[in-house]
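Just so you know, all these numbers are worked out from the coordinates, no wet-lab data involved. In this text the structure is predicted, and so the values were computed from the model without any measurement.
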Amino acid sequence: MNILNEIVIRDMSHFDLEGVLALECEIFPTPWTHEIFEYEMRHRERALYLVVEVRKKIVGYLGAQVLGDEVHVTNMAVAPGLRRRGIGTAMLLECLRRGMEQGARWVTLEVRENNHEAREFYSRFGFRDMGLRRGYYIDSGEDAVIMTSRDLKGSYFQELLSGIEAELARKAG
Ligand SMILES: CC(C)(COP(=O)(O)OP(=O)(O)OC[C@H]1O[C@@H](n2cnc3c(N)ncnc32)[C@H](O)[C@@H]1OP(=O)(O)O)[C@@H](O)C(=O)NCCC(=O)NCCS
């Protein structure tokens, strides 16, 4: 079965942290700790933390803060062996849907300058480079690229989203 038909996207809970941290440590050079995820999840009024699971196994997660009219994506990852199958897209779509329900109109995020895969991924959503934060990543001294979306409720973005949803449905078969 196509994996997109098997994924479940739901709110992250404390019980997910073992699976989330296993991926976080595998993927990121300076992984977030248990305490950071716990802290974020204690602030549910502004924190949007999602996991994707396949047959009860965590295969991806996304963290964001919804601050007024802004969704700020803080963390996002898909298990290395399951990339390029649409899981990241499905997760970000769910985040955008929920953010818009809460009144958001913009997405912002920071991404490592050398992280071309993620930058390509976000650019498919129409996110643009808005500037650099010099030396943002303490582990490597790398700069962060600040990316922002178009107006989420504008016709340009809405049409883009419809296209991405249609493409995802095609991928799911
Ligand atoms: C970024 C990330 C979450 C994307 O997840 P994913 O499930 O592979 O994404 P999707 O399959 O939905 O990709 C959608 C599109 O994004 C683009 N894209 C994704 N990965 C890409 C890559 N490695 N190279 C070029 N384009 C890529 C493609 O256009 C892709 O569509 P296609 O596969 O039909 O060509 C994943 O690569 C990841 O976990 N990276 C490591 C962690 C990370 O960098 N997180 C972001 C920190 S800001």
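Springs between alpha-carbon pairs under 10 angstrom, Gaussian network model over the chain: which of ARG98, ARG44, ARG55 fluctuates most?
ARG55
Relative contact order, percent, of segment 3-172 when contacts are C-alpha pairs under 8 Å separated by at least 6 residues?
Details: 268 pairs, mean separation 31.2, N = 170.
Once normalised by length, the contact order is 18 percent.
Rounded, prolate or oblate: pick one for the chain, where a ≥ b ≥ c are the square roots of the eigenvalues of its C-alpha gyration tensor, a/c under 1.5 means rounded, and failing that, prolate if a/b is larger than b/c, else oblate. Could the numbers behind the result be given before it?
Details: a/c = 1.28, a/b = 1.02, b/c = 1.26.
Rounded is the answer for the chain, as its axis ratio a/c remains below 1.5.
GNM on the chain, C-alpha springs below 10 Å: top fluctuator among GLU117, GLU40, GLU142?
Highest fluctuation of the listed residues: GLU117.
Quick one: Karplus J couplings for segment 28-40, per residue in order, coefficients 6.51, -1.76, 1.60, θ = phi - 60°, nearest Hz, x for Gly and Pro?
Values per residue, Gly and Pro as x: 9, x, 10, x, 5, 9, 3, 4, 5, 4, 4, 4, 4 Hz.
Which one of MET130, MET91, MET41 has the biggest mean-square fluctuation once the chain is modelled by GNM with Cα springs under 10 Å?
MET130
How fast does segment 73-173 diffuse by Stokes-Einstein, in µm²/s, taking the Kirkwood radius from C-alpha pairs at 4 °C and 1.567 mPa s? Mind dumping the intermediate values first?
Working: Rh = 14.5 Å.
Stokes-Einstein gives a translational diffusion coefficient of 89 µm²/s.
With each run of n ≥ 4 DSSP H residues scored as -39500 (n - 2.57), what mean residue ellipticity at 222 nm is computed for the chain after dividing by its residue count and rounding to the nearest 500 deg cm²/dmol?
Numbers: 5 runs with 61 residues, N = 173.
The helix-only estimate for the chain comes to -11000 deg cm²/dmol at 222 nm.
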